[in-house]
Amino acid sequence: MATVDKSKVPWWVSNLIVPLINLILALFVSGLFIFIAGENPFEAVRLIIYGSFGYIEGFAYTLYYTTNFIFTGLAFAVAFHCRLFNIGGEGQAYIGGLGVFLVAINFSFLPVPIVWLLAVMGAVVFGAAWAFIPAYLQATRGSHVVITTIMFNFIAASLMVFLLVDIIRDTTQMGPHTIALPEEQWFPSFEDFAALFGIKIRYSPLNISFLLAIAASVFVWFLVWKTRWGYEMRAVGHNTQAAIYAGISPYKNIIIAMCISGGLAGLLGVNEILGVHHKIVAGFPAGYGFTGIAVALMGRNHPIGIFPAAFLFGILYQGGSEVTFDMPNITRYMFVAVQGVIILFSGALENLFRPQIENFFVNRLNLKAKA
Amino acid sequence: MVHQHFMLVENFTVLENIILGFEGELVFGKNLEKAKKDLKNLCDTYKLNIDLNSTISDLSVGFRQRVEILKSLYRGAEILILDEPTGVLTPQEVDELFKILRSLNEEGKTIVLITHKLIEIMDLTSEVSVMRQGEMVGHTKTKDTNKEQLAEMMVGRSVLLRLEKSQVKTGDVVFKVEDLTVKDDLDVIRVKNVNLNIRAGEILGLAGVTGNGQTELLEALSGIRKVESGEIYLDGKKVSDSQNFLDPRELKEKGLAHVPEDRQRMGLVTDFKAYENLIFGYHDQKPFSKSSILNHRDIIAHSKKIMEEYDVRPQSPNLITSNFSGGNQQKIILSRELNENPKVLLVGQPTRGVDIGAIEFIHQRLIDMRDRGAAILLVSVELDEVLSLSDRIVVMFDGKIVGEKENNNVTDRELGLLMAGVV
Amino acid sequence: MEFLSDIASLINSTLRISTPLVFAAMAGIFAERSGVIDFSLEGKMLMAAFVAAVGSYFLGNPWLGLLLAIIACVSLSMLHGFASVTYKGDQVVSCVAINILIIGLTTALAAAWFGQAGLTPTLNEDQRFLEVNLPFAESLRDVPIVGTIYSDILSGHYIFVYLAYLTVPLVFWVVFKTSFGLRLRAVGENPSAVDTAGINVFAMRYKALAINGVLIAFAGAHLSTAVNANFFREMSAGRGYLALAAMIFGKWHPKTALVACLLFGFTDALQIRLQGVELPAIGEIPVQLIQALPYVLTVVLLAGFVGKAIAPNAIGQPYIKER
């Protein structure tokens, strides 16, 4: 098969068609899994769509999941632009949540909007701090950031459990969680918003963090493509040698990229703590960090792609819940598997059919031109 | 074949490297003893003197080369091809190598030596073939020729490109290199006590065959590599010595620009769009960015202007750089560096892989720069280019400057001899 | 005497807990020494546990369960190889994908087929590996010191425990004393050198991955058909990552990796033992601190404070044959 002249491949083929086909393949394989589990894949799809769009609370849940995925997806993407694999989103989110809680509890005498602002900053600072050591070790000693961030995930889990069980636990309760934040500090939820219009809806965890996620997306877009820091990060990520030639410091940019990445992951703590649980609950990162990796890869590490990818995973999660409700044979773990398949096809095997697809389109366009 | 870049596993022993792929059996045991004996015999016959149990990472470059030779012999080679073997050796190691090669020859082995060093050829070989620009241009017995003839065959008759070059009044010395010594990544000394002076308004051409230290010299002069000893002065102020050196960004601020030898590996980020490469290294300065925010509109306007001025085709600032031809990529780099009106310009292989039309254009630009008072160091393996553009010429051989001439009436042959190590 | 029996039980626990780590670390060594990153030990171990338990349940024989587990893990390794070696995809992403996929799939299928939220049916004695009593263990038990060592410590383990510790010298021998091992190590350090010696780099990597699959299967089977009598969700519980840490800590060498595995196993056994125990002067040590210890140690090692952990030179880089 002749190799394709890369310059002739239209951008929409590389960035829309190929990922779409990869996604379809992944969904096909997932359908097989559902079939092996003894259920009807098409029925499952119907339930997914119903669960995520069919009723207002379901859609709210979808957007709530989307919020978290946007944060962790952006986190992975930013580090990836500097060619760093930040697998530590789980741990950074966990520690970011600690930051949120500590700020909110200790500064509760300040007016609520100020507390919110400080709490967001707390999330970012704590998340960034948790990413700093792996970043520093990679930049100065070449320690592989993948391994160190995985290790820091485990260390964060141990640390947080220790704190939750021994230090900051709500002693009036049995579970490993802290006391609740005062109610005035709770983020307005979608329920509250609907109530403003006189509409009464049932509970959903969707809250204004969703807007924060959109703001974060805009911020990342601006940072990576419109500022000098983003420019330098990308240069270091694409061609470190050339970056040195141009006077750009790889050392500085590795640390900056990782810290921003950690800070973004930390924002997940804002959603979970100020918006949903109103306290630190053990294990609240609940795998969102890893899903963020899938979201970023599918979204090709650009906020424009991350948003729909996060939304897709939100649909999978919420729709998946609906499926597990109605199909006793399918548990939520099936959707964890689906996630894995998507990462496989969008990430590791993304070039599996790329040459054939690109070839096909280039030839079709050539034929059209000749005609 | 003994490659320039050795095919050895660093943390294996000599023995392990040699038997790799030729172990003879699943488990080491009897066969290992036999291999050791055979190797010992080879070592003794050809006076290779290698300790089979030493680890490669502990060996000097000269010894690693011997391991490569031994490896070829053990695998039954009758013909040994050596590609520029002496570039990484000290003079003593060169002598040792030649002794080994002679004894191999005496035992009936055929040796093909790829080299540009005429002294070696006259010293060691019995037949010579000369290759120039991809073609075989001559073949003779060594005893029937001499260095001058070989130099002429190597270098050919130069075709001087017609260029408008006026006599220019040169100014003060703007760039001074004193007694510079630089090592490469493998800790081998590549630049040996080099002295250079470049005045404002002159082009100093540095001729020489690839691999004689030019790359390391350029890297040291442009702030990418540290120096072992010696000093570099820009405009009278020291910018580099063995303790400290200014990095490329700081050097840019002082008026130094660098067009690197390897445009894809160093000069450009090929995945970036053209406009991103046009500000590469200057992206944090006005007008391209203000308080760290990139000024997109001004950058595009600037890019369009520059691409037109330098005839970069296609004139699309948004096109990904890897889609441009070699010549146009080079023009992108050149336009970027020249646009800043640097006081000192370091240029490496400016027309490598560039089509003829672009070559003329690039050369004219360099002349224009010089006429405007820049001090230019032109490093090139193309003798034509050096002769066309330079006001003065120096030749680099084996890390040293071996000749300095004014560019009036100097002949290719003279330069060719110097480039080939004939002083 | 109670102190002695405490020590004995601690040693027993250590040996048992370290067993899956040892198998996994050895598996990792084969893959990584050939230049392929393997972060998917966790997923493969879990897969093996699932397949071994389910296989043994349906086929009535734990050995058949083990065989099926081997087939499953080798397939996963081949998938990873396909993505990384042949398709030159990103090896880290491939590993992350496999881990997540397996966590989901194993629990999902267990729930779907057996309806108990991820538990597979309990295996009866015929379907499990039982403790092995060495000959004369009972009669020697009362002999002072030697008897305790033989009867209480060495005897009475599951077969996998013995196999694990026998595997280590075998791995050492293969990797360092055979020509296969020489080529394996060379491929991980300088694939070009191997290529010019006429050896197929890709074939070597696939062979290494196959061995990797076999070894990790033993780790998983130990968990679900020996120590426990079924599979439950996420039962590998991070052991794959711990084994990774042990491998790095052991500098990709079977002997030192073994020591690291034992060390990590010991900290786990110790942590269980120390729960609720007040030590003199220090008080109660938080159990989480001990749990985090292996991970902290690995980071310290990677930071270069405890010697250098130098990975095989060519690791993670797809080999591109120049024409």
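The values are calculated or read from the model by the stated rules, or taken from the named source; none is laboratory data. Model, not experiment: these values are computed from the prediction. Counting neighbours? That spans all protein chains shown, and the Cβs are built from the backbone with ideal geometry, glycine included.
Which one of these does C:Leu76 not meet: (1) in contact with a Lys or Arg (Cβ under 6 Å, 6 or more places away or on another chain); (2) away from chain A (no Cβ under 14 Å)?
(2)
Being touching a Phe, Trp or Tyr at 6+ places or on another chain (Cβ under 9 Å) and crowded, with 24+ Cβ neighbours inside 10 Å is the filter; apply it to the range A:116-126 and report the residue that is farthest from A:Phe154 (Cα to Cα).
Selected residue: A:Ala119.
Against the definition (of a type in the set (Phe, Trp, Tyr), under 30 Å from C:Gly28 (Cα atoms) and either out of contact with any His (no Cβ under 6 Å at 6 or more places or on another chain) or modelled with pLDDT under 85 (or both)), how does A:Phe187 come out, yes or no?
no
Name the one entry in A:Arg234, A:Arg228 that is within 12 Å of another protein chain (Cβ to nearest Cβ), out of contact with any Pro (no Cβ under 7 Å at 6 or more places or on another chain) and at pLDDT 95 or above.
Only one candidate passes the filter, namely A:Arg234.
If you check every pair at least six apart or on different chains, which have Cβ atoms under 9 Å apart with a residue in the range B:322-333 that is touching a residue at least 40 places away in the same chain (Cβ under 8 Å) first and a residue that is of a type in the set (Asp, Glu) and surrounded by fewer than 22 Cβ atoms within 10 Å (Cβ to Cβ) second?
Final answer for the pair search is B:Ser322/B:Asp271; B:Gly326/B:Asp355.
Out of the residues in the range A:254-269 meeting the condition of being more than 14 Å from chain B (Cβ to nearest Cβ) and surrounded by fewer than 24 Cβ atoms within 10 Å (Cβ to Cβ), tell me which one is nearest to A:Asn153 (Cα to Cα).
So, considering only residues that are more than 14 Å from chain B (Cβ to nearest Cβ) and surrounded by fewer than 24 Cβ atoms within 10 Å (Cβ to Cβ), the one nearest to A:Asn153 (Cα to Cα) is A:Cys259.
What are the residues in the range A:195-221 that are surrounded by 14 or more Cβ atoms within 10 Å (Cβ to Cβ), under 22 Å from B:Lys273 (Cα atoms) and out of contact with any Leu (no Cβ under 8 Å at 6 or more places or on another chain), if any?
Answer for the range A:195-221, where residues must be surrounded by 14 or more Cβ atoms within 10 Å (Cβ to Cβ), under 22 Å from B:Lys273 (Cα atoms) and out of contact with any Leu (no Cβ under 8 Å at 6 or more places or on another chain): A:Phe219, A:Trp221.
Which one is farthest from the other protein chains (Cβ to nearest Cβ), of the residues in the range C:163-218 that are aromatic (Phe, Trp, Tyr) and surrounded by fewer than 24 Cβ atoms within 10 Å (Cβ to Cβ)?
Residue satisfying both the conditions and the ranking: C:Tyr165.
So if I check each of C:Ile70, C:Ile98, which one is in a helix (DSSP H, G or I), within 14 Å of chain A (Cβ to nearest Cβ) and of a type outside the set (Gly, Ala, Ser)?
C:Ile98
Pull up the range A:139-155, narrow it to residues that are buried (at least 22 other Cβ atoms within 10 Å of the Cβ) and more than 9 Å from chain C (Cβ to nearest Cβ), then point me to the one that is modelled with the highest pLDDT.
A:Thr149
Considering only the range A:148-173, state which residues are part of a loop (DSSP other than H, G, I, E, B) and either within 22 Å of C:Ala237 (Cβ to Cβ) or in contact (Cβ under 8 Å) with a residue 12 or more places away in the chain (or both).
A:Ile168, A:Asp170
Inspect the range A:285-297 for any residue being of a type outside the set (Phe, Trp, Tyr), more than 14 Å from chain C (Cβ to nearest Cβ) and either in contact with a Gly (Cβ under 6 Å, 6 or more places away or on another chain) or not in a loop (DSSP other than H, G, I, E, B) (or both) and give the result as yes or no.
No, because not a single residue in the range A:285-297 is of a type outside the set (Phe, Trp, Tyr), more than 14 Å from chain C (Cβ to nearest Cβ) and either in contact with a Gly (Cβ under 6 Å, 6 or more places away or on another chain) or not in a loop (DSSP other than H, G, I, E, B) (or both).
C:Ala49 is checked against (1) at pLDDT 90 or above; (2) within 14 Å of chain A (Cβ to nearest Cβ); (3) surrounded by 21 or more Cβ atoms within 10 Å (Cβ to Cβ) and fails just one. What number does that condition carry?
That leaves (2) as the condition not met.
Among the candidates C:Ser56, C:Ser34, C:Ser13, which residue alone is within 23 Å of C:Ala260 (Cβ to Cβ), more than 11 Å from the chain's Cα centre (by Cα), surrounded by 24 or more Cβ atoms within 10 Å (Cβ to Cβ) and hydroxyl-bearing (Ser, Thr, Tyr)?
Testing whether each residue is within 23 Å of C:Ala260 (Cβ to Cβ), more than 11 Å from the chain's Cα centre (by Cα), surrounded by 24 or more Cβ atoms within 10 Å (Cβ to Cβ) and hydroxyl-bearing (Ser, Thr, Tyr) leaves just C:Ser34.
Just to be sure, is A:Gly320 under 27 Å from A:Phe80 (Cα atoms) and within 13 Å of chain C (Cβ to nearest Cβ)?
no
Checking the conditions here, which among B:Val386, B:Val381 is in the same structural domain as B:Glu309 (by TED's automatic domain parsing), crowded, with 23+ Cβ neighbours inside 10 Å and touching a residue at least 60 places away in the same chain (Cβ under 8 Å)?
Going through B:Val386, B:Val381 in turn, just one is in the same structural domain as B:Glu309 (by TED's automatic domain parsing), crowded, with 23+ Cβ neighbours inside 10 Å and touching a residue at least 60 places away in the same chain (Cβ under 8 Å): B:Val386.
Restricting attention to the range A:151-185, report how many residues are under 23 Å from A:Ile133 (Cβ atoms) and in contact with a helix residue (DSSP H, G or I) (Cβ under 6 Å, 6 or more places away or on another chain).
Counting residues in the range A:151-185 that are under 23 Å from A:Ile133 (Cβ atoms) and in contact with a helix residue (DSSP H, G or I) (Cβ under 6 Å, 6 or more places away or on another chain) gives 10.
How many residues does the range C:162-206 hold that are among the β-branched types (Val, Ile, Thr) and modelled with pLDDT of 90 or more?
7
Out of the residues in the range B:258-300 that are on the phi > 0 side of the Ramachandran plot and out of contact with any Gly (no Cβ under 7 Å at 6 or more places or on another chain), which is surrounded by the most Cβ atoms within 10 Å (Cβ to Cβ)?
So, considering only residues that are on the phi > 0 side of the Ramachandran plot and out of contact with any Gly (no Cβ under 7 Å at 6 or more places or on another chain), the one surrounded by the most Cβ atoms within 10 Å (Cβ to Cβ) is B:Ser292.
Which helices (runs of 4 or more DSSP H) sit wholly inside the range B:1-79 and have at least 2 residues that are under 30 Å from B:Thr210 (Cβ atoms) and touching a Phe, Trp or Tyr at 6+ places or on another chain (Cβ under 6 Å)?
It comes to B:61-74.
Inspect all residues belonging to the range A:357-367 and state whether any of them is closer than 29 Å to A:Asn40 by Cα and among the aromatic types (Phe, Trp, Tyr).
Within the range A:357-367, none of the residues are closer than 29 Å to A:Asn40 by Cα and among the aromatic types (Phe, Trp, Tyr).
Looking at the range B:340-366 only, could you name the residues that are in contact (Cβ under 8 Å) with a residue 60 or more places away in the chain, β-branched (Val, Ile, Thr) and within 29 Å of B:Asp284 (Cα to Cα)?
Selection gives B:Val344, B:Val347.
Among the listed residues A:Ser261, A:Ser189, identify the single one that is within 30 Å of C:Ile102 (Cα to Cα) and polar (S, T, N, Q).
Going through A:Ser261, A:Ser189 in turn, just one is within 30 Å of C:Ile102 (Cα to Cα) and polar (S, T, N, Q): A:Ser261.
Here are some residues: A:Tyr245, A:Tyr251. Which one is crowded, with 21+ Cβ neighbours inside 10 Å, within 14 Å of chain B (Cβ to nearest Cβ) and more than 14 Å from the chain's Cα centre (by Cα)?
Going through A:Tyr245, A:Tyr251 in turn, just one is crowded, with 21+ Cβ neighbours inside 10 Å, within 14 Å of chain B (Cβ to nearest Cβ) and more than 14 Å from the chain's Cα centre (by Cα): A:Tyr245.
Conditions tested, residue by residue: (1) under 15 Å from C:Ile100 (Cα atoms); (2) over 11 Å from the mean Cα position of the chain (by Cα); (3) surrounded by fewer than 24 Cβ atoms within 10 Å (Cβ to Cβ).
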| residue | (1), (2), (3) |
| --- | --- |
| A:Ala294 | yes, no, no |
| A:Gly299 | no, no, no |
| A:His302 | no, yes, yes |
| A:Ala310 | no, no, no |
| A:Phe313 | yes, no, no |
| A:Val323 | no, yes, no |
| A:Met327 | no, yes, yes |
| A:Ile330 | no, yes, yes |
| A:Ile342 | yes, yes, no |
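Just to be sure I understand, how many residues within the range A:344-356 are more than 8 Å from chain C (Cβ to nearest Cβ) and surrounded by 24 or more Cβ atoms within 10 Å (Cβ to Cβ)?
The total comes to 2.
Quick one: would you say A:Ala104 is crowded, with 22+ Cβ neighbours inside 10 Å and either in contact with a Ser or Thr (Cβ under 9 Å, 6 or more places away or on another chain) or at pLDDT below 90 (or both)?
Considered against the rule, which asks whether it is crowded, with 22+ Cβ neighbours inside 10 Å and either in contact with a Ser or Thr (Cβ under 9 Å, 6 or more places away or on another chain) or at pLDDT below 90 (or both), A:Ala104 comes out as no.
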